[in-house]
Amino acid sequence: MKKLTATLIFTMLVVVYCTASVAISNLSYNVQAANVLRYDVSFSVSPDSRAYVEYYYLDGTDTIWGYTEIQDSAATHDFTLVGLVSSTAYRFRPAAFDASGISYGTWTSFTTAALPNALPSITSLPVPNTSTTEGYIFTNTARAGLFFNNEGETAQIFDRKGNLVWYQFIDAVTAPGFYQCKYAYPSGEQRVVLTSCHELVEISLAGEEITRIALQGADTNYYFHHDVIKKPNGNYLAIAANPIRLDFSGTGGAADSLVISESILEFTPAGSLVWQWDAKNQLDTTSFVENAQGNYWFNKFPGSYSWLHTNSLDIDLDGGILLSARKSSQVFKINPNNKSIIFTAGNPGSFDIYPVSNRFKGQHCVTVTGGNRYMVYDNLSKDTVSRVVEYFASGYDNSFRQQWEYVLPLYSPVLGSAYQLDNDNILIGTGTGSSIIELDATRQNKVLEMNHSEVLYRAYSIASLYAAPPAISFAVVDTFCGSNLQPVTLTATPAPGFFTGPGVTGNVFDPVAAGPGAHELVYHYGWATKTITVGCVGIEDVNGLSVDLKLYPNPSTGLVNFSYQLQQNHQAHWSVVDLTGKLVAEGNTGTMSGQVEFSVDLSSLSKGFYVAQLEVNGQRTYTRLALQ
């Protein structure tokens, strides 16, 4: 959503006055039956055109705008409006465009209903700084008191004001199952992965099913839990529990003890299992059995040994797979090619943590933050508080060395997450602390803090609720206005789009029609725009001096060399004007002929485009100059 400012009003509402010859008809809309924050909108266009929907609501004195994805050319367009706020009046209209301009349908209104009672809420808290990160917060939670009762698990998206703008009940999509298996994860491209014990389902934010993977036969002895990530090749990498029988009689257990082993499974979108890693084949199954009985799987497998309790996955920069094991307080890096363990960090580990007081314990989330850098949501090492800590893995001395830590003002014995954002901020979900914190790039200052009403599994950042339009490339118009200048053909991508601005007709800019001054030319591709500025210096006497004026370097950081040749002795007057025609520098040369060169220091001028003028014997020539 975008808050409408004066600049946005000019760009989006005033500049667009090219009407396309596209007819919009057959508009229909309705709220989805199972979700009060999704509205389906459909309409027809003639001829086939690209299209989108724009909508807004009033938040006090602010107008908050939303824009859907831009769909490719078609006769019928179907959209789902997401990112809506409950109990709020909205207005929307369809839009269709081609190279001639844009057409709008009529404004239509609807009011969203109240949220179901089962959904959580968050409250934004004041912080001394403000976040520079736009976007949304994705969480998945269970209702208070229901976390261990196999109901109430939902995924939610909140805007940064704390409004719940998207939700999904997990049981409405996946097969019913135990709470240990019910999770939700953002998977990129405005999609979400939901799991139950034997199902993995990916849906769009519009609620459309993309992929459904159902374990069959012997594979049903594997139980999805805790983490799924989508690989760059489109495959799914998932943690799965694997109950097995082992002889623990030598360590005080039963000869046929039920042990929850751990596996990593990789599936194609079609559901084919293409890779598998099993902890029981790589690790000592008799290790860490003390104090491992019961806990996480107690109501599904009574009396079982949880053993490792793996709980997070990530892919390292070199393709290695990072796996967190809470019970053993270890992190494993796995070679995906031969399935061997590259290193183990933790207690104990092939990579030692220095000093010992910096070891993590009972961690819930481990992620890659850079080359040989790993961030841990450390639940238990400090006994009374939890923390987020980053380590550097040194192959020189096989060590994990702490780089920084952020100690939370709370103790979260279970759950929690920490992720590095694109702007280098850190987003933290505090698990049973039920709060969301964003730190700036110093890792110490809060730029966002929210209190969540329920038990918080993890908190993720989502940049946008709709697919972004292609990046616009608008070729710079290499000309300046004058009475003898010819019209210029404008070019931009992607097509089809259209141009607006003074002196613009279709895709042609006429500098004479535009007149003197700085002019903004805008290329529109649906609701996306890009602007360039063209300057008309407004000099009437352009007789055309037959002198080739050269400037170098151009662009320049300040010192500019003028170079030209005169056949006869003449005195010259040089000047520099900005794009509004304002004189910013000038001077005279002595009387001379032949090759003439001199330098001018323009470092005091602002960066940007200028016009350099040379006048000799009443005639003038012009050359464009860029200062950077």
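The values are calculated or read from the model by the stated rules, or taken from the named source; none is laboratory data. Remember, it's a predicted structure, so these values are computed and weren't measured experimentally. Note that each Cβ is placed from the backbone with ideal geometry, even for glycine, and that neighbours are counted across all protein chains shown. The area values use the complete protein model at the heavy-atom level, side chains included, leaving out ligands, DNA and RNA. Shrake-Rupley method; radii C 1.70, N 1.55, O 1.52, S 1.80 Å.
The figures follow:
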quantity	calculated
Tally of residues being assigned to a loop (DSSP other than H, G, I, E, B), touching a Leu at 6+ places or on another chain (Cβ under 9 Å), without any contact (Cβ under 8 Å) to a residue 24 or more places away in the chain and within 22 Å of ARG50 (Cβ to Cβ) across segment 487-505	0
Of all residues making up segment 435-454, the number that are surrounded by fewer than 20 Cβ atoms within 10 Å (Cβ to Cβ) and either modelled with pLDDT under 90 or polar (S, T, N, Q) (or both)	5
Lone unmet requirement of (1) surrounded by 19 or more Cβ atoms within 10 Å (Cβ to Cβ); (2) outside any loop (DSSP other than H, G, I, E, B); (3) not small (Gly, Ala, Ser) for VAL274	(1)
Residue that is farthest from ILE122 (Cα to Cα), among those in segment 162-195 that are surrounded by 24 or more Cβ atoms within 10 Å (Cβ to Cβ) and of a type in the set (S, T, N, Q)	THR174
Filter result for GLU151 (at pLDDT 95 or above, among the acidic types (Asp, Glu) and surrounded by 14 or more Cβ atoms within 10 Å (Cβ to Cβ))	no
Scope segment 245-267; condition surrounded by fewer than 18 Cβ atoms within 10 Å (Cβ to Cβ) and either touching a helix residue (DSSP H, G or I) at 6+ places or on another chain (Cβ under 6 Å) or in a strand (DSSP E or B) (or both); matching residues	ARG245, ALA255
Filtered residues of segment 310-329 (kept if in a loop (DSSP other than H, G, I, E, B), open to solvent by 20 Å² or more (accessible area, probe 1.4 Å) and touching a residue at least 24 places away in the same chain (Cβ under 8 Å))	LEU317, ARG326, LYS327
Residue in segment 381-389 that is outside any strand (DSSP E or B), crowded, with 24+ Cβ neighbours inside 10 Å, among the β-branched types (Val, Ile, Thr) and in contact (Cβ under 8 Å) with a residue 24 or more places away in the chain present	no
In segment 30-69, residue nearest to SER103 (Cα to Cα) [restricted to those that are open to solvent by 30 Å² or more (accessible area, probe 1.4 Å) and outside any strand (DSSP E or B)]	GLU69
Test: residue in segment 563-572 that is without any contact (Cβ under 8 Å) to a residue 40 or more places away in the chain, open to solvent by less than 50 Å² (accessible area, probe 1.4 Å) and touching an Asp or Glu at 6+ places or on another chain (Cβ under 6 Å)	yes
Close pairs (8 angstrom Cβ cut-off, 6 or more residues apart or separate chains): among the charged types (D, E, K, R) in segment 61-74, part of a strand (DSSP E or B) anywhere	ASP62/LYS3; GLU69/TYR52; GLU69/PHE79; ASP72/ARG50
Some residue of segment 407-419 being without any contact (Cβ under 8 Å) to a residue 12 or more places away in the chain and surrounded by fewer than 21 Cβ atoms within 10 Å (Cβ to Cβ)	no
Subset of segment 422-434 (residues that are crowded, with 23+ Cβ neighbours inside 10 Å and of a type in the set (S, T, N, Q))	THR430
Residue that is surrounded by the fewest Cβ atoms within 10 Å (Cβ to Cβ) [pool: residues in segment 333-350 that are touching a residue at least 40 places away in the same chain (Cβ under 8 Å) and closer than 26 Å to VAL274 by Cα]	SER340
Any hit, segment 596-613, residues being over 53 Å from the mean Cα position of the chain (by Cα) and surrounded by fewer than 18 Cβ atoms within 10 Å (Cβ to Cβ)	no
Members of segment 197-226 found to be open to solvent by less than 30 Å² (accessible area, probe 1.4 Å), outside any strand (DSSP E or B) and among the aliphatic types (A, V, I, L, M), listed by number	LEU205, ALA206, LEU215
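Results for (1) at pLDDT 85 or above; (2) assigned to a strand (DSSP E or B), shown as yes or no for each residue.
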position: GLY544; (1), (2): no, no
position: ASP548; (1), (2): no, no
position: GLN595; (1), (2): yes, yes
position: SER603; (1), (2): yes, no
